Amino acid sequence: MYAVSLLTRSLALMVLLPLPFAQAADTPELTGVSTNPLSITRIHDRVNFMVSLTFNNGKTAQQWRSVDCKQGKAQLLYKDLLNDKGHTIARYYGNSYLRYAPPQDDGRMTQDDIRKVCRLPIKAAQWEKLSATSEFGMTDLVDVSSIKHSGDMISVRLGYDFADITWEPPYDAPLELKIEQYLYNCKTHQGDAVALMNVDGEGRVTDSLITADIIRRKSSFPITPEMERRFQQICQLPAGKKFKAEGRFVPAANKPASTLMGPTMPDLSGNNSQWLDKYPLTEAIERQAQSLITPWALPRFKQVRYTEASALGKINVQLDAQPNGYVRKLEDYGLWKVQRLTLANQLQLKFTMSISTGASLLNKLQTDLRFPLVTGQHYQARWDNIDAGKKITSSALTCDVTAQGEAKSIAPEFGGKYLLVTCDQTAQGQVDSHVKLAWLQDLNIFVPLTMQEGNKPESAVKLENVRVIR
């Protein structure tokens, strides 16, 4: 049925794919590689395809790739890790977990590999309009170059062009064109969707449903009476004659971003404040927070950056002082980012993650914390947070200010003195923790020195790549 069936094996074998779990010393051995012919699409000068991987530990994965035949470049789009039923359990766009990120250049494919992909006998999509553009900016299409006949069966790719760039949950993947591929039996009038792909303005696949994932979801993509009528027209098409409908369609270039279907998750790059700004604190919490930091704990810097290095790994941190005296903190864990609005980089006022669709806010606070801190001071705090689903979680903190030292002993970029503060914290649904913090008197912020979770050994925290902007 597919002209490419004899070439997909060579296409698969030229691809060797690194995965997150395939980089450690106990790397599972790759035992099977195959390319799904239903995934191979050519949009203008770009070929997209999906490679299925099988490992000797029973794990399986799917890697989507793209080759720009005009520029001679290969890119990694995303990879799905599958469970024993073949269903996607985790999605990675590069190092971004469960969230879209731009494609990465693939240096493993040689120019010879790229030429082989570009020579595959796959015709570029030629879109024929099936309808006028709707009031919502969507145009129904059919790819006449992809229509295949095999006995009683036909293979047809339908398309849906969007006038605006939209972002589709759950990964916030950009979308300008949807492609749905169907297999239809002209004799029994039965068929199913077998592959779905979202495509961006560059012709790259940004999201998909294929293999076991689409079988599980097939009831969501029924063949409508209008689709069946079109399929019957294609079934009756004389051999060698091209299907025609309402005329050739060429997608618009440089589409505007949709004002109705934008991203559902926050863009935290650069410690952007726009997402948390949408979630105001109550007036009572604002007054209480301001009374705690004014005037003795207002930040004395514009921005502080450092990398927390400990036994748990490395976290890149950016602290930005706010005009109201709060500190906005960005923690970059690689797979995702966390943003907090804090008092002096300790008490949290707001919280969100790059893979979340809401935020958690401080809802209630009881504390005897007072600034300026002094040696021998003891303070505690109890608070409730409320999330987007109105769920409330409680936490508690007890701290003692025990000693004083030179801030440059923590990092040469710090000046003045620091106060050593030891704290025990409990949080509903989390392991108890014990931390040692340094209160930098020159900057008016806390930075970590050690951390301990539950009964695990205490781990020292080293601050690297420190940068202070006054």
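The values are calculated or read from the model by the stated rules, or taken from the named source; none is laboratory data. What you see is a predicted model, and the numbers here were worked out from it, not measured in a lab. Note: ideal-geometry Cβ built from the backbone for every residue, glycine included; neighbour counts use all protein chains shown. Quick note on the areas: whole protein, heavy atoms, side chains included, nothing else; ligands and nucleic acids left out. Shrake-Rupley method; radii C 1.70, N 1.55, O 1.52, S 1.80 Å.
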Residue-normalised value, i.e. accessible area per residue, for the stretch 316-470 at 1.4 Å probe, in Å², stands at 47
In whole Å, largest first, the alpha carbons of the stretch 96-229 cover along the principal axes 47, 37, 30
So, relative contact order of the chain in percent, Cα under 8 Å, 6 or more apart, is 9
Here, ARG470 and ALA257, labelled 7 Å along Cα→Cβ, have an inter-label distance in nm of 3.6
Residue span LYS390 to GLU458: 0.36 nm per residue of separation minus Cα-Cα distance leaves a gain in nm of 21.0 nm
Here, GLN232 and GLU406, labelled 7 Å along Cα→Cβ, have an inter-label distance in nm of 8.9
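Determine the per residue accessible area of the stretch 122-239 with all protein chains present and a 1.4 angstrom probe, expressed in square angstrom.
Using a 1.4 Å probe on heavy atoms only, each residue of the stretch 122-239 averages 45 Å².
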Taking protein heavy atoms only, a 1.4 Å probe, and rounding to whole percent, the accessible area of the stretch 313-457 owed to carbon and sulfur comes out at 50
Loop-resident trypsin sites (Lys or Arg not before Pro) in the stretch 74-156 with no more than 15 other Cβ atoms inside 10 Å, DSSP not H/G/I/E/B, are LYS85, ARG108, ARG119, LYS123
Inter-part gap, Cα centre of the stretch 55-92 to Cα centre of the stretch 241-266, in whole angstrom, is 25
Between the modelled labels at ALA101 and ASN83 (7 Å from Cα along Cα→Cβ) the distance in nm is 2.5
In degrees rounded to 10, the 0-90 angle between helix 225-235 Cα long axis and the longest Cα principal axis of the chain is 50
For the stretch 317-470 the mean separation of alpha carbon contacts under 8 Å (6+ apart) over residue count, i.e. relative contact order in percent, is 12
In the stretch 244-347, the chymotrypsin sites (Phe, Trp or Tyr not before Pro) that sit in a DSSP loop and have at most 15 other Cβ atoms within 10 Å of their own Cβ are TRP296, TYR333
Cα convex hull volume per residue for the stretch 222-312, in Å³, equals 368
Reduced to Cα centres, the span from the stretch 400-470 to the stretch 332-393 in Å works out to 16
If one compares the long axis through the Cα atoms of helix 283-293 with the longest principal axis of the Cα atoms of the chain, the angle in degrees, nearest 10, works out at 50
Per the Cα gyration tensor, the chain corresponds to an equivalent ellipsoid with semi-axes, largest first in Å, of 54, 25, 19
Over all viewing directions the Cα convex hull of the stretch 325-440 casts an average projected area in nm² of 8.3
In whole angstrom, largest first, the equivalent ellipsoid semi-axes that the Cα gyration tensor gives for the stretch 384-470 are 28, 16, 13
